[in-house]
Amino acid sequence: MYPLVDSHCHLNFPSLSEHLDKILDEMAHNGVGYALCVSVNLHDFPQVLDLAVRYPHIFASVGVHPDYENKVEPTVETLISLASHTKVVAIGETGLDYSRTKGNIGWQHDRFRNHIRAAREVNKPLIIHMREASADTLSILKEEQASEVGGVMHCFTESWEVAQQALDMNFYISYSGIVTFKNAASVREVAKKTPLNRLIIETDSPYLAPTPHRGTTNQPAFVRHVAEAIADLHGITLPQIANTTTNNFFSFIKKTNN
Ligand SMILES: [Zn+2]
Ligand SMILES: [Zn+2]
């Protein structure tokens, strides 16, 4: 079968990195050929990059998650310089998250804009984290002309209207194990409508383990369950969804799959 890709995981987090050999074996056993290890703060970025340098099938991103309130603020220049490595294929995760931050959220907006400016400068795609903040996220993406580089709306759980606006700005839509959750009928509805040529899949591991592994530590191998759920929704086979989402992943990172 064509290899699957986990387009968003946090392999450098201790719950995964402490068992790295086993995690990589499980990926191979489940036909998961590639994974993108996503940076959430600059302090941990060296570990993220190290994984991508050591393993040809692991890619890295650079960015600071909108939830990290007390971390060193990334400047456009810093992001540009860290993104220059060839294994750094995307900028993020970045975006807006109003679910935990109360009060002044101006700093989230400034940080988000810096990521978009850096992405345009280095011509690498954006990984967008958006939670309870879709209107502001979309308007900042528009204002900063993010469509020039595009990217992915990761772990998508928003409405079809939001999906359409993201698609219009050259973004891919990525679905996580949430599509396998019993109570996620509305996410499945949107996933079903998402055009197959713009859809990718992820685990967001170690979080959000899909059914039938709910409650355990998630890992990139489990992206196979996400693939099966999406294949079902679109009435196609697992090899077909693997082929499609893997090709989409490589177009998203602006590379060819060799
Ligand atoms: Zn996220
Ligand atoms: Zn994440």
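Scanning the range 43-69 for residues that are away from ligand 1 (no atom under 16 Å from the Cβ) and modelled with pLDDT under 95 yields a total of 1. Quick check: anything in the range 35-48 touching a residue at least 60 places away in the same chain (Cβ under 8 Å), closer than 20 Å to residue 9 by Cα and in contact with a Pro (Cβ under 7 Å, 6 or more places away or on another chain)? Taking every residue of the range 35-48 in turn, at least one turns out to be touching a residue at least 60 places away in the same chain (Cβ under 8 Å), closer than 20 Å to residue 9 by Cα and in contact with a Pro (Cβ under 7 Å, 6 or more places away or on another chain). The combined condition, being closer than 24 Å to residue 6 by Cβ, away from ligand 2 (no atom under 16 Å from the Cβ) and of a type outside the set (A, V, I, L, M, F, W, C), is fulfilled by residue 86.
Of all residues in the range 131-161, those being part of a helix (DSSP H, G or I) and either touching a residue at least 40 places away in the same chain (Cβ under 8 Å) or among the hydroxyl-bearing types (Ser, Thr, Tyr) (or both) number 6.
Could you list all residues from the range 188-212 that are within 15 Å of ligand 1 (Cβ to nearest atom) and open to solvent by less than 10 Å² (accessible area, probe 1.4 Å)? Those that are within 15 Å of ligand 1 (Cβ to nearest atom) and open to solvent by less than 10 Å² (accessible area, probe 1.4 Å): 200, 201, 202, 203, 205. Residue 150 fulfils the conditions (1) in contact with a Phe, Trp or Tyr (Cβ under 8 Å, 6 or more places away or on another chain); (2) open to solvent by 40 Å² or more (accessible area, probe 1.4 Å) except for a single criterion, (2). Contact map, the range 10-33: first residue touching a residue at least 24 places away in the same chain (Cβ under 8 Å) and within 16 Å of ligand 2 (Cβ to nearest atom), second residue open to solvent by 30 Å² or more (accessible area, probe 1.4 Å) and assigned to a strand (DSSP E or B), Cβ cut-off under 6 Å, separation 6 or more or different chains; the map is empty. The criterion of being touching a residue at least 24 places away in the same chain (Cβ under 8 Å) and within 19 Å of residue 65 (Cβ to Cβ) holds for residue 125. Can you name the number of the only condition in (1) touching a Leu at 6+ places or on another chain (Cβ under 7 Å); (2) away from ligand 1 (no atom under 16 Å from the Cβ); (3) open to solvent by less than 70 Å² (accessible area, probe 1.4 Å) that residue 72 fails? Status for residue 72: all satisfied but (3).
Residues are listed down the side, and each one gets a yes or a no for (1) touching a residue at least 24 places away in the same chain (Cβ under 8 Å); (2) closer than 19 Å to residue 13 by Cα; (3) under 15 Å from the mean Cα position of the chain (by Cα):
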residue: 189; (1), (2), (3): yes, no, no
residue: 199; (1), (2), (3): yes, no, yes
residue: 221; (1), (2), (3): yes, yes, no
residue: 230; (1), (2), (3): yes, no, no
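For the range 89-101, residues that are open to solvent by 10 Å² or more (accessible area, probe 1.4 Å) and either outside any loop (DSSP other than H, G, I, E, B) or within 16 Å of ligand 2 (Cβ to nearest atom) (or both) total 2. There is no residue in the range 102-113 that is within 14 Å of ligand 2 (Cβ to nearest atom), touching a strand residue (DSSP E or B) at 6+ places or on another chain (Cβ under 9 Å) and either under 25 Å from residue 47 (Cα atoms) or not charged (D, E, K, R) (or both).
Exactly one residue among 78, 86 is more than 16 Å from ligand 1 (Cβ to nearest atom) and surrounded by fewer than 16 Cβ atoms within 10 Å (Cβ to Cβ), and that residue is 86.
The values are calculated or read from the model by the stated rules, or taken from the named source; none is laboratory data. Only a predicted model underlies this, so the values are computations on that prediction, with no experimental measurement involved. For neighbour counting, all protein chains shown are included, and Cβ atoms are generated from backbone atoms with ideal geometry for every residue, glycine included. Each accessible area value is taken on the protein alone, full model and side chains, heavy atoms only, with ligands, DNA and RNA left out. Shrake-Rupley method; radii C 1.70, N 1.55, O 1.52, S 1.80 Å.
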